[in-house]
Amino acid sequence: MADTEDVAALPKPEEKKQEKSILTELPKVIQKSQINDGLVHGLNEVVKALDRKEAQLCLLADDCAEDKYKVLVEAFCHQNNIPLIHVSERNKLGEWLGYFKRDEEGKIRKLRGVSSCALKEFGESTSALEYVLNYAKEEARHN
């Protein structure tokens, strides 16, 4: 019996904490924003939110088909001092927003890409939100 008590007294190995990155934290912020009805997507809605200065953060896909689209969104963000984060793929942004269907096996099918979205309301403040906002500030300094 002493052996079992010793085993129970040993500290459990600590779970490996996942490294924070923009790819892990941004989906959390997007989900919170969607829950609080504070997210818009599509050129018309995003530009409206940017022009009215309602947006607090804007996401833009680098592989957007139209260069004019990218220039317009970047210009509005710059003009109104709204942080802009570039995402590498439209499909990744669409996946984070939940614009896909799953098949019986749980694999993603019919994924719809999104070129841009604006977050108007974040909801509660979280560590993920702090990380994303700091990332946006750092990216703005480099550009």
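The values are calculated or read from the model by the stated rules, or taken from the named source; none is laboratory data. What you are looking at is a predicted structure, and each value in this text was computed from that prediction instead of being measured. Please note: Cβ atoms are built from the backbone with ideal geometry, for glycine as well, and neighbour counts cover all protein chains shown. Keep in mind that these areas ignore ligands, DNA and RNA; they rest on the heavy atoms of the full protein, side chains included. Shrake-Rupley method; radii C 1.70, N 1.55, O 1.52, S 1.80 Å.
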If residue 89 satisfies all but one of (1) in contact (Cβ under 8 Å) with a residue 40 or more places away in the chain; (2) under 24 Å from residue 45 (Cα atoms), what's the number of the condition it fails?
(1)
Of all residues making up segment 105-126, the number that are open to solvent by 70 Å² or more (accessible area, probe 1.4 Å), modelled with pLDDT of 80 or more and in contact with a Lys or Arg (Cβ under 8 Å, 6 or more places away or on another chain)
1
Pick out the one residue from 61, 75, 9, 55 that is at pLDDT 90 or above and exposed (fewer than 14 other Cβ atoms within 10 Å of the Cβ).
75
If I filter segment 56-67 for residues that are in contact (Cβ under 8 Å) with a residue 40 or more places away in the chain, over 13 Å from the mean Cα position of the chain (by Cα) and within 21 Å of residue 129 (Cα to Cα), do I get at least one hit?
no
